[in-house]
Amino acid sequence: MPGSFKISSHQLMILILLYSVGTVILHTPSPLAGFAKQDAWLAALFGTGIALIFVWFYIKVGNLYPDLALDQINEKVFGTLVGKMINLTFFFWSFSTAAETTYYVGNFIKTFWMPDTPLVALNILLAAVVIFTVRLGFETFTRTLEIFFIPVLLLLTIFLVSIIPQGNIQNIQPVFEGGAKPLIRAILFYVSVFTLSPVMFLMIFPSKVSERKKGGKAFYIGTLIGGIILILVIMMDILVLGPDNTARNIAPSYTMAKKINVGNFLMRIEAVIATIWIFTTYTRTVMYFYVSVVVFSNIFNIKDYRPFTTALGMIMVFYSLIVFPTVSSSGEYNKNIWLFHAAAFGLVMPLLLFITAKFRNIIKKPPGRQ
């Protein structure tokens, strides 16, 4: 059955790492620099530290009922009716986010590579790949990620090392010039895109991980390495482009890659960073879409989610075309609204779940038991 798969802790680590980098590596530096200027990299540093705290909390939540996925835990703790209502909102959030990431990829390719290609064609192409991936099964997906993991990591390392000579240390000085308020706002934004959305992994952790003890370490390691990569990329964006140019550019990492010139031989490798971003964003989209179809099927007590993939995928394409009327509207949504959506499901939902589960366990204990 599609839901009976198991993945290794190593596969979980790779999945979390690539998921963490997806979308964030290209689009996050701009709003971060808009909030905190040259201190944007510090916001990523503090945000990554907060992410590790959330990983600890998510592991605690997952271990409440280690044989159940998050949506199943919701029904067990809150009751069938309330649990399904919560899961319905969780479905809408994961599904709409899958549509948003589809929009980001299509809009990027249209803006920078294929301006004459209709956006709908590009979105259909990505959606078709995502649908095909989810239908093949999650275990097949994670094995594929293992194949591409080393090349992606190697290309990222080459990219970061090659851009170092273009950096200017004065672009990140002085530190804390704007004070605490803009830095805190930048940290909150980074937390919303990097720290809160991994609540999705409670749909597979620890219930679908074959080595549960190692799975917790993999959760930490994947988050930490992903955070380090983002800190370095954001820092290099500021060092190379400066805080103002980074804030004004919709894809500063892509623009930064154009400046690479190693001995007049290694030049204009922006396609490399774009390919890495598209692949990691594809990973993120698959995760969102998989969660949405699984939660949707479980709401109706249907064990096989695959019959829903094509229909929901078609709706996802339609939604991706209307979710953001303009590029500026997507930027405003990310900066001002996304935080509240992410906090509702990445903080409030698991926190209420954890408190309610602990409270119910206390009540169930016989008198005199500690």
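The values are calculated or read from the model by the stated rules, or taken from the named source; none is laboratory data. Values in this document were obtained by computation on a predicted structure and should not be read as measured data. Cβ coordinates were reconstructed from backbone atoms using ideal geometry, including for glycine residues, and neighbour counts include every protein chain displayed. Areas reflect the complete protein model, heavy atoms only, side chains present, ligands, DNA and RNA absent. Shrake-Rupley method; radii C 1.70, N 1.55, O 1.52, S 1.80 Å.
Would region 259-272 turn up any residue that is small (Gly, Ala, Ser) and open to solvent by less than 20 Å² (accessible area, probe 1.4 Å)?
no
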Scope region 26-53; condition buried (at least 23 other Cβ atoms within 10 Å of the Cβ), in contact with a Leu (Cβ under 8 Å, 6 or more places away or on another chain) and aliphatic (A, V, I, L, M); matching residues | Ala36, Ala40, Ala43, Ala44
With respect to Phe205, is the statement that it is open to solvent by less than 10 Å² (accessible area, probe 1.4 Å), outside any helix (DSSP H, G or I) and modelled with pLDDT of 90 or more true?
-> yes
Is it the case that Lys84 is in contact with a helix residue (DSSP H, G or I) (Cβ under 7 Å, 6 or more places away or on another chain), farther than 22 Å from Ile204 by Cβ and among the charged types (D, E, K, R)?
-> no
Any chance region 213-226 includes a residue that's part of a loop (DSSP other than H, G, I, E, B) and either touching a Leu at 6+ places or on another chain (Cβ under 7 Å) or closer than 27 Å to Val161 by Cβ (or both)?
-> no
Within region 100-107, can one find any residue that is open to solvent by 50 Å² or more (accessible area, probe 1.4 Å), assigned to a helix (DSSP H, G or I) and of a type in the set (Val, Ile, Thr)?
-> no
Does Tyr290 satisfy the criteria of being at pLDDT 90 or above, in a helix (DSSP H, G or I) and crowded, with 22+ Cβ neighbours inside 10 Å?
-> yes
Pairs only if they're at least six apart or on different chains, beta carbon under 8 angstrom, first in region 209-237 and farther than 17 Å from Thr142 by Cβ and open to solvent by less than 10 Å² (accessible area, probe 1.4 Å), second modelled with pLDDT of 90 or more and polar (S, T, N, Q); list them, first residue then second.
-> Gly227/Ser20; Gly227/Thr48; Leu230/Ser20; Leu230/Thr48; Asp237/Thr246
Being open to solvent by 70 Å² or more (accessible area, probe 1.4 Å) and touching a residue at least 12 places away in the same chain (Cβ under 8 Å) is the filter here, so list the residues in region 167-182 that pass it.
-> Ile169, Gln173, Val175, Phe176, Glu177
Filter region 112-161 down to the residues that are in a helix (DSSP H, G or I) and among the charged types (D, E, K, R), then identify the one that is nearest to Ile260 (Cα to Cα).
-> Glu146
Is it fair to say Trp56 is open to solvent by 10 Å² or more (accessible area, probe 1.4 Å), part of a helix (DSSP H, G or I), closer than 26 Å to Val272 by Cα and of a type in the set (Phe, Trp, Tyr)?
-> no
